[in-house]
Amino acid sequence: MIKKHRLLKQQIKYSKLDIKKINMEQELGLYPKSFSLPIGLQFELTSKCNLFCKHCYNVSGENDKKDSMDIDKWKKLVDDIIKSGGIFQCIISGGEPLLMGDSLYDIMNPLHEDGTAFILITNGMLVNNDTIKKLKKYNFYWVQVSIDDVLAEAHDDFREHIGSWEKAINAAFLFAGAGFPLRIAHSTTPKNLERLPDMIDLAYKLGASSIVCGSIMPSGRANENSNIYSHTDEYFNKLYSTIEICQAKYSGRMEVLINSDLVVDMEMKQHTPNSAAVIRPNGNVRMDCTMPFTIGNVLEDSIVNIWQEVGINSWNSELANDYIKSLDEFSNHPTHTNHIDLDIKLYEEKK
């Protein structure tokens, strides 16, 4: 049986080959050495959520949170982005983005008219026929619905809401039936790992074009629920071997994906041009979901200035390098807990 450590070394080896290829293409002028503006952004439109999931990486659904970015501020941001040249991809997430109601479409419409394609991440609770009709006009890379078990009671317990499994299943059916590229996101835990083959079968039956599986990120609310993740070789061996078997089973019919290892992912980002960022409900611009660094705030500065002054080289900053070097093989940091401790203002490094 392949040990996790050996598998990770293989993944790093492959990523270094990808890096070498990109570097060669840069020297030939076939691939840019930097992006003067982000080509993709993730909008965490709200911290509000109608579920209270045990693994939530950004601790959505807390009642005492107040979002600084209201609809008018999001619309102004979108207008600024378009005037600056626009973006190719926009990930719509939260919290639960469909809680925005029709305001969601006021944010998406200008981007759509400018040629932007979307990824929508939803728990499915508010998806109905009317939602499908309104979303149908947009171009999607995929629409992602989270389903965490084949057993309704297990999913509902994980999401801390009775009936949430049924809602997610219905949403998946509606999206697939309407021709959306459906991706199922599945959080794998020690409790549901034995049912992973059945979960992948379920995704196929729902009409998914892909399912992404993987262990839970050590971030946010997951840190309060240590029983939902494992660091044992036995767990990872079982996870990887199951994924490999199911990839062969569904080859050519449905993609069976696994979440990329965070350390490997960060190494890739350090050696390739930065092209994306995350904008949070408080206006903070993060490097991504996994790194606790903000490169600015759109309520205080323009996205263009934030990107060009800090964002372009953020993955190679001293603070980011020191943080990545301090991570253990499971992406845990010895002194900082992502989305629990305060974010680190990377732009202060410039002062």
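The values are calculated or read from the model by the stated rules, or taken from the named source; none is laboratory data. Bear in mind the structure is a predicted one, so any value in this text is a computation, not a measurement. Virtual Cβ from ideal backbone geometry, glycine too; neighbours counted across all protein chains shown. When the accessible area is computed, the model is the full protein with side chains, heavy atoms only, and any ligands, DNA or RNA have been set aside. Shrake-Rupley method; radii C 1.70, N 1.55, O 1.52, S 1.80 Å.
Summary of computed values
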item: Top-ranked residue in the range 319-332 [being under 16 Å from residue 231 (Cβ atoms) and either in contact (Cβ under 8 Å) with a residue 24 or more places away in the chain or of a type in the set (Lys, Arg) (or both); ranked as surrounded by the fewest Cβ atoms within 10 Å (Cβ to Cβ)]; result: 329
item: Residue among 163, 177 that is under 18 Å from residue 61 (Cβ atoms), surrounded by fewer than 20 Cβ atoms within 10 Å (Cβ to Cβ) and not hydroxyl-bearing (Ser, Thr, Tyr); result: 163
item: Matching residues, the range 112-122, being open to solvent by 20 Å² or more (accessible area, probe 1.4 Å) and touching a residue at least 24 places away in the same chain (Cβ under 8 Å); result: 112, 114, 115, 121
item: Selection from the range 237-271 of residues that are under 22 Å from residue 324 (Cα atoms) and either modelled with pLDDT of 85 or more or polar (S, T, N, Q) (or both); result: 258, 259, 260, 270
item: Single unsatisfied condition, residue 254 versus (1) buried (at least 18 other Cβ atoms within 10 Å of the Cβ); (2) under 18 Å from the mean Cα position of the chain (by Cα); (3) within 22 Å of residue 144 (Cα to Cα); result: (2)
item: Residues within the range 123-141 that are crowded, with 18+ Cβ neighbours inside 10 Å, in contact with a Phe, Trp or Tyr (Cβ under 9 Å, 6 or more places away or on another chain) and closer than 25 Å to residue 164 by Cα, tallied; result: 4
item: Residue in the range 76-84 that is farther than 17 Å from residue 44 by Cβ, part of a helix (DSSP H, G or I) and in contact (Cβ under 8 Å) with a residue 40 or more places away in the chain present; result: yes
item: Qualifying residue in the range 57-77 (condition: open to solvent by 20 Å² or more (accessible area, probe 1.4 Å), closer than 30 Å to residue 312 by Cβ, of a type in the set (D, E, K, R) and modelled with pLDDT under 85); result: no
item: Selection from the range 334-351 of residues that are free of Cβ contacts under 8 Å to residues at least 24 places away in the same chain and either in contact with an Asp or Glu (Cβ under 7 Å, 6 or more places away or on another chain) or within 30 Å of residue 236 (Cα to Cα) (or both); result: 334, 335
item: Among (1) surrounded by 15 or more Cβ atoms within 10 Å (Cβ to Cβ); (2) over 22 Å from residue 311 (Cα atoms); (3) not β-branched (Val, Ile, Thr) - the single one residue 109 does not satisfy; result: (1)
item: Residues satisfying the stated conditions in the range 266-321, i.e. under 23 Å from residue 95 (Cβ atoms) and part of a helix (DSSP H, G or I); result: 303, 306
item: Selection within the range 209-235 - assigned to a loop (DSSP other than H, G, I, E, B), open to solvent by 40 Å² or more (accessible area, probe 1.4 Å) and out of contact with any Phe, Trp or Tyr (no Cβ under 8 Å at 6 or more places or on another chain); result: 229, 232
item: Selection within the range 41-68 - within 23 Å of residue 158 (Cβ to Cβ) and among the basic types (Lys, Arg); result: 48, 54, 65
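Conditions tested, residue by residue: (1) of a type outside the set (Ser, Thr, Tyr); (2) in contact with a strand residue (DSSP E or B) (Cβ under 9 Å, 6 or more places away or on another chain); (3) over 30 Å from residue 312 (Cβ atoms).
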position: 204; (1), (2), (3): no, yes, yes
position: 207; (1), (2), (3): yes, yes, yes
position: 217; (1), (2), (3): yes, no, no
position: 227; (1), (2), (3): yes, no, yes
position: 233; (1), (2), (3): yes, no, yes
position: 266; (1), (2), (3): yes, no, no
position: 273; (1), (2), (3): yes, no, no
